[in-house]
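The values are calculated or read from the model by the stated rules, or taken from the named source; none is laboratory data. Keep in mind that what you see is a predicted model, and the values were worked out from it rather than measured. Please note: Cβ atoms are built from the backbone with ideal geometry, for glycine as well, and neighbour counts cover all protein chains shown.
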Amino acid sequence: MEVETLIRAYNDYIKRINAYKYALKVINFDAATGAPKSAIKERSEAYSFIALEYFKLKTSPEFKSIIANLKNVYSKLDKYYQRIVDLEIKTLDKISKIPPHRYQEFSKLSAESEVAWEEAKEKSDYQIFKPYLEKIVSMVKEFAHYYGGEIDGSLYNRMLDDYEEGMTIKKLDEFFNTLKERIVPLLEKIKASKIKIDDSFIYKNYPHEGQILIGEEILKVIGFDLENGMLRESAHPFTSSISNSDIRVTTHIYENNVISSIYSVIHEGGHGIYDQNINPKFKGTILYDGASMAIHESQSRLYENVIGRSKEFVHILYELLKKIYPLQMKKITEEDLYLAVNKVEPSFIRTEADELTYSLHILVRYEMEKLIIDGNVSFDELPSIWNQKMKEYLGIEPKNDKEGILQDIHWAGGSFGYFPSYALGNAIGLQLLHTMKKELDFKQAIVNKNFDQIKEYLAKNVYIHGKMLSPMELLKEVTGEELNASYYCDYLEQKFKEIYLI
């Protein structure tokens, strides 16, 4: 059979898979952005049915035969289809080991679990979510055994490898220890500083409609294409790549905290810009995705913090806030705003954590996940253990479940091993920026609102590759070196020593 015929067979089959994938993503997005809670049963059943059909297509003898045929002509394929075959074989090897009925049960459970998490968080009652969490953890452990079981004596290593190929507890322990050695002493110096930042103006009343307008304007400014995307509201901000021409981002609106929504929008916008600029040649294939969770997070965190909290961007934000909220901003200076958005103050909410202490939030979650997956901890003890770790690392103790263990939706969907990607993303983003600055004047681009220059550099060097390269291959390709957390730590030290005069 000719190579072109085999490739055509693959592309035709993938279109069928993508139709189901599209439907699943739309249902998920709809459920998170205002669909009636009373319809959860029907929605879960529909989602479960479509998920099963999707699973059957992904694991069918026909699809396996198509991939096997492509493997037989591997040497005749171009580098793109060779990578596609490699990734499809890896995925098939993984998911074909899960009994279809268990996959269907997990899809239904995760949909119901996310609804239970929302209710539990709203009522600040962990007990509502606990039975779902127990079932989710049981199933993700079961699936990890299907995938190959323990790596170096740890099921959690198997889960880490799902998000960052080759990542292990040993490597992450070393990574977080490096961050602690430099961030914790800096935090102590800041606590002792005489500089006290007044950010009370952030918590005035900022009506809902204005925050939506600001969010949409910010997305336009940083280069997110709203003609091929949208901004909506949800309990927990996220980005959903429905297709290459339909990238949806969400935020949450708090009328008594204008900054929360703004930086959620910038963060998710960073994810969206990545997805909008992957090589269109990869459309519909397994290559049309980010290199890894950490690489994706490197972009959302780069936009949110390094760009979004810079003096240059705060100038843009200041003018926008004055225009939309003239009364609230009447006596506020640009310097007031810059200091306010960079105030260091440990908080309970990860998504609203200051830039300096953010990785400590990830450390808490990382250590919790190690206990949940590899330890013998009781689910009843999790809230108190969480609270103890928050006090140990951030110096604050949650007063209730909403402030504590119910912070994030990730576990409700079975995403164990994801959280470390946020901290890795912080370090990778600054390492990429170090290299970017050799080719363009980063600060001047922000001053000139020339975000296309930044986007074009990242698109050419990072986004365009999709999943062609592994995360560490991509990092080495762009920067010429392995993961190096020093750029991130150097950046934090320089920035916050200047702000707090230490």
Legend entry - strands (runs of 3 or more DSSP E) contained in segment 202-288 and holding at least 2 residues closer than 14 Å to Ser300 by Cβ and out of contact with any helix residue (DSSP H, G or I) (no Cβ under 9 Å at 6 or more places or on another chain): none
Legend entry - Residues (without any contact (Cβ under 8 Å) to a residue 12 or more places away in the chain and touching a Ser or Thr at 6+ places or on another chain (Cβ under 9 Å)) located in segment 435-488: Ser486
Legend entry - Residue within segment 264-278 that is farther than 30 Å from Ile464 by Cα, crowded, with 19+ Cβ neighbours inside 10 Å and not basic (Lys, Arg) present: no
Inset, instruction - Go through segment 1-37 and count every residue that is in contact (Cβ under 8 Å) with a residue 40 or more places away in the chain and over 18 Å from Thr239 (Cβ atoms). - result: 14
Inset, instruction - Determine if segment 356-373 includes at least one residue that is surrounded by 19 or more Cβ atoms within 10 Å (Cβ to Cβ) and not in a helix (DSSP H, G or I). - result: yes
Inset, instruction - Quickly run through segment 308-337 and pick out the residues that are loosely packed, with under 13 Cβ neighbours inside 10 Å and either in a loop (DSSP other than H, G, I, E, B) or in contact with a Ser or Thr (Cβ under 6 Å, 6 or more places away or on another chain) (or both). - result: Pro326, Leu327, Lys330, Lys331, Thr333
Inset, instruction - Mind telling me which of the residues Lys449, Lys455 ends up being of a type in the set (Lys, Arg), farther than 30 Å from Ala111 by Cα and surrounded by 19 or more Cβ atoms within 10 Å (Cβ to Cβ)? - result: Lys455
Inset, instruction - Could you grab me the full set of residues in segment 387-412 that are more than 21 Å from the chain's Cα centre (by Cα) and assigned to a helix (DSSP H, G or I)? - result: Asn387, Gln388, Lys389, Met390, Lys391, Glu392, Tyr393, Leu394
Inset, instruction - Scan segment 69-83 and give yes if some residue there is in a loop (DSSP other than H, G, I, E, B) and touching a residue at least 40 places away in the same chain (Cβ under 8 Å), otherwise no. - result: yes
Inset, instruction - Among what's in segment 187-209 and is without any contact (Cβ under 8 Å) to a residue 60 or more places away in the chain and under 20 Å from Thr333 (Cβ atoms), pick the residue that is surrounded by the most Cβ atoms within 10 Å (Cβ to Cβ). - result: Tyr203
Legend entry - Unmet requirement for Lys108, which otherwise passes all of (1) surrounded by 19 or more Cβ atoms within 10 Å (Cβ to Cβ); (2) within 25 Å of the chain's Cα centre (by Cα): (1)
Inset, instruction - From (1) at pLDDT 90 or above; (2) closer than 17 Å to Leu339 by Cβ, pick out the condition that doesn't hold for Ala192. - result: (2)
Legend entry - Residues that are touching a residue at least 12 places away in the same chain (Cβ under 8 Å) and of a type in the set (D, E, K, R), drawn from segment 38-68: Arg43, Glu45, Glu53, Lys56, Lys58, Glu62, Lys64
Inset, instruction - Might you check whether a residue that is loosely packed, with under 15 Cβ neighbours inside 10 Å and farther than 29 Å from Ser384 by Cα occurs anywhere in segment 178-185? - result: no
